[in-house]
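The values are calculated or read from the model by the stated rules, or taken from the named source; none is laboratory data. Every value quoted in this text rests on a predicted model; they were computed, and no experiment measured them. Virtual Cβ from ideal backbone geometry, glycine too; neighbours counted across all protein chains shown.
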Amino acid sequence: MATSSVAGDIELDRPNLEDYLPSDSLPQEFPRNLHLRDLLDISPVLTEAAGAIVDDSFTRCFKSNSPEPWNWNIYLFPLWCLGVVIRYGILFPLRGLTLLVGWLAFFAAFFPVHFLLKGQKMRSKIERKLVEMMCSVFVASWTGVIKYHGPRPSTRPHQVFVANHTSMIDFIILEQMTAFAVIMQKHPGWVGFIQKTILESVGCIWFNRNDLKDREVVAKKLRDHVQHPDSNPLLIFPEGTCVNNQYTVMFKKGAFELGCAVCPIAIKYNKIFVDAFWNSKKQSFTMHLVRLMTSWAVVCDVWYLEPQYLRDGETAIEFAERVRDMIAARAGLKKVPWDGYLKHNRPSPKHTEEKQRIFADSVLRRLEES
Amino acid sequence: MGNASSMLTQYDIEEVQEHCNYLFSQQEIVSLYERFCQLDRSAKGFISEDEFLSIPEFSLNPLSKRLLRMVDGLNFKDFVSFLSTFSAKASVQQKIELIFKVYDIDGKGKVTFKDLVEVLRDQTGSFMTEEQRERVITNVLEEAGYTRDCTLSLEDFTRIIDHPGLKMEVEVPID
């Protein structure tokens, strides 16, 4: 009952875990005949289980790191208090006001354009600019100090951008420079409203990660989108979930099967003022934004890396791994062999079965020999 | 945003340390406490079955269901005491006793043929037939001088699996 069968059928594009795991994590083969001791001694399996209870690389990916406290000292404490007053009493209201004015200006311009210029080429151009502007307002609302390295993406077909994912603000940060069309999970609340009304105009595609049918539709939409010459560049977060910017989980292979150039983007946040990781299980996106808006600044580096192409004889998974290597190296992330969706689902029983198969094989072989 | 470790006082740590026969250092206990709180997501004071299974590396383990019967619902002290068997300082005898308990899951003090088959079933799943499993176990039992009607006591068990290669150690990461 632990590993439900539901987890099995929604994993349409889940790569095979064994392709990623180092070979020594699989059960060892015994060289000799089978003795009672070998059968009774289950210590390797128990050690593995206890090891996972004490520490596991998967949970580490989603651990928020609270900033180092520096206000412990009696001399620093008043300074810290002053900081709190400034951040919450002055910066926060000012930033809230900026955001409000930004939104009002945005809506005042967006809706007339959206409804009056129906069917005209101008419309999408203006909407694109407006969305970029709105994202700049967001970035300003947390005093985003963002350094962009490398050439800025231009609008042309047959390319897809992939980036590591820490928070929904990744999208805002990238969007303020280039109006990307993004593939994202459907959200409830005001984020969902923005998704439906505004972001659809730049060609964003929404889906529900637990809905199999949705995912098929999305796969088709993706293919159409990259072929279309007028569409905005496509942005995908292939991890499919927010990771704490110290690790990177497996890339879903969907983005790497489109048969076009894959342009990696590496995003690294500096945790000096605030941890930009959005722990969606603990915090709503609104609270996440408030946390960012009450910090001194969000410091971040963005690297646009060399476009990559599928090599001869390379599978989509190998390609995805190669791109993940590049992003991990640039942003200083550690790679782990886990699927980010395990945050929501149990791993499929397939992986346990693989372990059982190897063990059974070795027992049977030795049974025949003796 | 209270720091979890600050909630353990020196007394608490010493109490836990005593409970696990000083197999863990104080720092290790602080680390384990952080881990415990992390796994106990709804802060009820114990880790539920579901929370254990949310660790993919654990839930993939062929023996996870059997182990759950031992660790499900443990409070922090017993959680530490369970893990202390995997400390490098724990004696080989203690480790063997734990393995024995995994076999003797209902605590009757002896391991029967049926227990052996059950553990092998967890480990091999559908890749061996029930018949093959029974044959394997009968074979190795007879080779070691037992029959399938024998029950193994802890002493038998110790005699069989105590060897220098037995290594069952897990290191507690300290930040």
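Numbers at a glance
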{"read-out": "Qualifying residue in segment B:40-62 (condition: over 28 Å from B:ASP175 (Cα atoms) and either within 12 Å of another protein chain (Cβ to nearest Cβ) or without any contact (Cβ under 8 Å) to a residue 40 or more places away in the chain (or both))", "value": "yes"}
{"read-out": "Residue in segment B:123-145 that is modelled with pLDDT of 90 or more and within 26 Å of B:PHE36 (Cα to Cα) present", "value": "no"}
{"read-out": "Set A:ASN65, A:ASN73: member being surrounded by 11 or more Cβ atoms within 10 Å (Cβ to Cβ) and out of contact with any strand residue (DSSP E or B) (no Cβ under 7 Å at 6 or more places or on another chain)", "value": "A:ASN65"}
{"read-out": "Segment A:67-78, residues that are part of a helix (DSSP H, G or I) and among the hydrophobic types (A, V, I, L, M, F, W, C)", "value": "A:LEU76, A:PHE77"}
{"read-out": "Leading residue by the ranking (nearest to B:ASP104 (Cα to Cα)) among those in segment A:31-60 that are at pLDDT below 90 and more than 7 Å from chain B (Cβ to nearest Cβ)", "value": "A:ASP38"}
{"read-out": "Filtered residue count, segment B:69-97, keeping only those that are of a type in the set (A, V, I, L, M, F, W, C) and surrounded by fewer than 21 Cβ atoms within 10 Å (Cβ to Cβ)", "value": "8"}
{"read-out": "Flag for B:GLY45 being modelled with pLDDT under 95, part of a loop (DSSP other than H, G, I, E, B) and within 30 Å of A:GLU353 (Cβ to Cβ)", "value": "no"}
{"read-out": "Criterion (within 11 Å of chain A (Cβ to nearest Cβ), among the basic types (Lys, Arg) and over 16 Å from B:GLU97 (Cβ atoms)) met by exactly one of B:ARG133, B:ARG159, B:ARG148", "value": "B:ARG133"}
{"read-out": "Which listed residue is aromatic (Phe, Trp, Tyr), modelled with pLDDT of 85 or more and touching a strand residue (DSSP E or B) at 6+ places or on another chain (Cβ under 8 Å), from A:PHE207, A:PHE193, A:PHE180", "value": "A:PHE180"}
{"read-out": "Only listed residue being part of a helix (DSSP H, G or I) and either on the phi > 0 side of the Ramachandran plot or not acidic (Asp, Glu) (or both), chosen from A:MET287, A:MET250", "value": "A:MET287"}
{"read-out": "Among the residues listed as A:LYS220, A:LYS268, the single one being of a type outside the set (Ser, Thr, Tyr) and not in a strand (DSSP E or B)", "value": "A:LYS220"}
{"read-out": "Per-region count, segment B:121-130, residues part of a helix (DSSP H, G or I), within 7 Å of chain A (Cβ to nearest Cβ) and not small (Gly, Ala, Ser)", "value": "3"}
{"read-out": "Among residues of segment B:90-101, those that are touching a residue at least 60 places away in the same chain (Cβ under 8 Å) and part of a loop (DSSP other than H, G, I, E, B), counted", "value": "1"}
{"read-out": "Residue in segment A:87-105 that is under 30 Å from B:LYS101 (Cα atoms) and either buried (at least 17 other Cβ atoms within 10 Å of the Cβ) or of a type in the set (S, T, N, Q) (or both) present", "value": "no"}
{"read-out": "Unique residue being farther than 30 Å from B:THR124 by Cβ and part of a loop (DSSP other than H, G, I, E, B) when the list is A:ASP301, A:ASP325, A:ASP312", "value": "A:ASP312"}
{"read-out": "Filtered residues of segment B:69-89 (kept if within 8 Å of chain A (Cβ to nearest Cβ), in a helix (DSSP H, G or I) and in contact with an Asp or Glu (Cβ under 8 Å, 6 or more places away or on another chain))", "value": "none"}
{"read-out": "Of the criteria (1) within 8 Å of chain A (Cβ to nearest Cβ); (2) surrounded by 20 or more Cβ atoms within 10 Å (Cβ to Cβ); (3) touching a residue at least 40 places away in the same chain (Cβ under 8 Å), which one B:LYS65 fails", "value": "(2)"}
{"read-out": "Residues being among the β-branched types (Val, Ile, Thr) and assigned to a helix (DSSP H, G or I) - total across segment A:199-217", "value": "2"}
{"read-out": "Residue satisfying all of: in segment B:102-115; farther than 15 Å from B:LEU67 by Cα and outside any loop (DSSP other than H, G, I, E, B); farthest from the other protein chains (Cβ to nearest Cβ) among these", "value": "B:LYS114"}
{"read-out": "Wholly enclosed strands (runs of 3 or more DSSP E) of segment A:79-198 bearing at least 2 residues under 23 Å from A:PRO307 (Cα atoms), β-branched (Val, Ile, Thr) and free of Cβ contacts under 8 Å to residues at least 40 places away in the same chain", "value": "none"}
{"read-out": "Every residue from segment A:180-213 that is crowded, with 16+ Cβ neighbours inside 10 Å and at positive phi", "value": "A:GLY203"}
